[in-house]
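A short worksheet on the structure shown next.
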Amino acid sequence: MPSMRDVCLYPRLVSLVEKLVGEPLAMFLSLSGVQSSQREWHQDFYLKPGYENTHYCAVWIAVGDVDAASGPFEYV
């Protein structure tokens with residue numbers, strides 16, 4: 001999804017996270033088609049390929065349907 005890629009790979013954001021993590025970053029996986037509020041506590045270790053080490057940053061943004069009458073939708 002181009003709009004999601006644009007946000008996730010926004011240069012200033014990538015630069016900041018790379019400084020925090022200490023490693024170069026790449027976008028690996030998006031579960032954008034999943035809708036669930038019933039997910040149990042878990043670790044995402046099973047989502048990464050075996051050749052990767054465990055240096056990664058996982059982000060979850062919960063959003064739902066936003067009525068057009070509510071005005072522009074923004075997140076920080």
- Residue-by-residue Karplus 3J(HN,Hα) for segment 65-74, coefficients 6.51, -1.76, 1.60, Hz, glycine and proline x: 5, 10, 5, 4, 5, 7, x, x, 9, 9
- Query: If packing is taken as the mean number of other Cβ atoms within 10 Å per residue, what is the order of 13-24, 63-74, highest first?
  - Reply: 13-24, 63-74
- In terms of solvent-accessible area of protein heavy atoms at a 1.4 angstrom probe, what is the ranking of Trp41, Trp60, highest value first? Trp41, Trp60
- Item | Probe 1.4 Å - accessible area at Arg39, Å² to nearest ten | 130 Å²
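The values are calculated or read from the model by the stated rules, or taken from the named source; none is laboratory data. If you're wondering where the values come from, they're calculated on a predicted model, not measured in any experiment. Please note: Cβ atoms are built from the backbone with ideal geometry, for glycine as well, and neighbour counts cover all protein chains shown. Accessible surface areas use protein heavy atoms only, side chains included; no ligands, DNA or RNA. Shrake-Rupley method; radii C 1.70, N 1.55, O 1.52, S 1.80 Å.
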